[in-house]
Amino acid sequence: MRIRATVAAVSGALALSALAVPAAHATGDSGTPYTLNVSFSNVTIAKAIKVGTTNEVSATYSYTLTHGSDVDITKADFYTDAFLYKGSYDTPTAELYGDDPATCTATSATTATCKGTVDIYPADGDLKNAWAGSWGVAAEAVAFNGQNQDDPADLSKVGYKDQSGLGSTLVQRYSKLTVNAGPEPVGKGKTLTVTGKLTRANWEDHQYHGYSGQPVKLQFKKAGTTTYTTVKTVNTDSYGNLKTTTTANYDGYWRFSFAGTSTTPAVSAAGDYVDVQ
């Protein structure tokens, strides 16, 4: 299998090393790390991570690290983290890591709670549009045991363990939705035209483009009340535009509301107040 060890260099920057090793072994030889006596469980992470076009997004995670008595998690050259992978774990389409390893707090002699972040930089090209949707969660740990982290003299003294299938999350293309209702004011019982646009982040050109062919609800909240009621459903055109008509009977707020998809989060426009005379 392919081994991934996320390590912190002296400068504090992260380096990623990939080494070919057997799938499992109790002890290593001079050219391969041994399997570290650790396991990972109770992983928590946001159900969805919304990523726009430029701003960094950090998703917080936590997990339980269980380790044997031969593993000292307090050592300066012990590191662990959780990360995301797209597609198959053995041959992932992409992976997303944090800027720093997780911070672990011992809860017993053999367990610890570890916390960290996965940090995503869309402006730097971390994502492609086709990668939106479900990602798996994995975790890893490495103990250098005094070996040079940049160039270990004896890899058999370095321990490493990774574990996939620990959970999942959605990495989604951030969405925006607008609304405009008119004319304002409008006569009671007259026709009101409501327009808007549904757009979402394009991670490749760093712009927002219309999301076509999506059902969006037109909703109304009567003045003095707190709840929106769905009036009808309208589909976006090929440019993400929305346009429909309705009858104006009461003062209140009109908005569009999108339920979301696996690749694009739900979003509701801010209500547009219309005075009915």
## Note on the structure
The computed P(r) of the chain puts the percent of Cα pairs beyond 36 Å at 36 percent
### Task
Set Lys and Arg Cβ to +1 and Asp and Glu Cβ to -1, take the dipole of the chain about its Cα centre, and tell me which of 247, 214, 194 lies farthest positive.
247
#### Entry: Computed E for residue 103/residue 249 - FRET, C-beta separation, R0 45 angstrom, nearest 0.05
0.20
### Summary
For residue 176, the aspartates and glutamates lying under 20 Å Cα to Cα, once residues fewer than eight places off in the same chain are dropped, come out as 56, 204, 205, 237, 272
### Summary
Along principal axes, largest first, the alpha-carbon spread of region 176-277 in whole Å comes out as 47, 24, 20
### Task
Mind listing the long-range amide H neighbours of residue 252? Cut-off is under 5 Å, sequence gap 5 or more, other chains count too, H placed in the peptide plane at 1.01 Å from N.
223, 274, 276
### Query
Given a 1.4 Å probe, how much area per residue of the chain is accessible, in Å²?
48 Å²
## Note on the structure
Expected sort for 198-206, 167-175 on mean C-beta neighbours within 10 Å, highest first, is 167-175, 198-206
### Message
Going by Cα centres, region 208-277 and region 160-190 are how many Å apart?
### Response
12 Å
### Query
Roughly how many nanometres apart are two label points built 7 Å out from the Cα toward the Cβ at residue 128 and residue 60?
3.3 nm
### Query
To the nearest 20 debye, what is the magnitude of the charge dipole of the chain about its Cα centre, counting +1 on the Cβ of each Lys and Arg and -1 on the Cβ of each Asp and Glu?
1800 debye
#### Entry: Carbon and sulfur %, accessible surface of region 54-137 computed with the full protein complex present, 1.4 Å
47 percent
### Task
For 73, 120, write out the residues from largest to smallest accessible area, computed with a 1.4 angstrom probe and no ligands counted.
73, 120
### Query
What is the gain in length, in nm to one decimal, between residue 225 and residue 72 on full extension, counting 0.36 nm per residue of separation less the C-alpha to C-alpha distance?
49.2 nm
## Note on the structure
Too long for a 24 Å Cα-Cα cut-off, among 50/75; 47/222; 197/217; 47/197; 47/128, are 50/75; 47/222; 47/197
### Task
Name all residues of region 236-277 having a backbone nitrogen under 16 Å from the label point set 7 Å from the Cα of residue 202 along its Cα→Cβ direction, giving them as ranges.
238-241
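The values are calculated or read from the model by the stated rules, or taken from the named source; none is laboratory data. In this text the structure is predicted, and so the values were computed from the model without any measurement. Note that each Cβ is placed from the backbone with ideal geometry, even for glycine, and that neighbours are counted across all protein chains shown. For the accessible areas, the whole protein counts, side chains as well, though only heavy atoms, and no ligand, DNA or RNA atoms are used. Shrake-Rupley method; radii C 1.70, N 1.55, O 1.52, S 1.80 Å.
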